[in-house]
Structure formats: C-alpha cells, structure tokens
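Trainee: So that we are looking at the same thing, I have put the structure below in structure tokens.
Since every read-out is calculated from the coordinates, none of them should be taken as a lab result. Remember, it's a predicted structure, so these values are computed and weren't measured experimentally. Cβ: placed from backbone, ideal geometry, glycine included. Neighbour counts: every protein chain shown.
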Amino acid sequence: MKFFYEIISVEKEAAPPAFVTKLQDQEVKEGEMVSFECEVEGWPEPELVWLVDEQPLRPSHDFKLEYDGQNAKLEIRDAQPEDTGVYT
C-alpha cells in the first residue's frame, strides 16, 4: 500500500496589531496583588512590551509578565506606593 500526502502552505494576510480587550484602570491597597490583562491580535504575531510611565517594565520578583501571543497579563504581587503609575 502506498500513501501520498502534500503539505500546502497557506499565506496569512498581514493584519496590524490591535487590542481586542483593553486594560482597565485599577486601584489597590498597599501589599495587595493587582493584575492587568488584555487581549491583542494581529499578524505577524504582535510583540508586546509593558511600559510604566512610558519606561519598559522588566520581569522581577514583584512583577510577573505573561504573554501567549494573544493574551497578556501583568501581575504586581506586592503593590507598593512606588509602583503607582500609568501602565500600558
């Protein structure tokens, strides 16, 4: 018995990055955990960079950054007054 298969490449049309769901304003008490979540789409897959007050935010013990190509999440585990700012 012989089998034949062919792989067909399908080109995706480019689509600019866009927010499907946007970040929401939040207030949190000192020491609490806060989570920011959004959903993005686009092709090729958008590169996501978190900013706080227009400066890049880096992962650390206090900041957990997740991104699976569609859903993005930022967790601040132990919010402190110095974490106050505009997160984008």
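Trainee: Number of Lys pairs in the chain with C-alpha atoms less than 28 angstrom apart, excluding same-chain neighbours closer than eight positions?
Mentor: Within the chain, the lysine pair count is 7.
Trainee: For the chain, compute Rh as the Kirkwood radius over C-alpha pairs and then the Stokes-Einstein diffusion coefficient at 37 °C and 0.692 mPa s; write the answer in µm²/s, rounded to an integer.
Mentor: Reported coefficient: 213 µm²/s.
Trainee: Which of the GluC sites (Glu not before Pro) found in the range 43-88 are in a DSSP loop and have at most 10 neighbouring Cβ atoms, other than their own, within 10 Å?
Mentor: Glu47, Glu54
Trainee: Report the FRET efficiency, 1/(1 + (r/R0)^6), for Glu45 and Glu6, where r is their Cβ-Cβ distance and R0 is 30 Å, rounded to 0.05.
Mentor: That pair, Glu45 with Glu6, gives E of 0.70.
Trainee: Under 12 Å from the 7 Å Cα→Cβ point of Lys22, by amide nitrogen: which residues of the range 39-61?
Mentor: none
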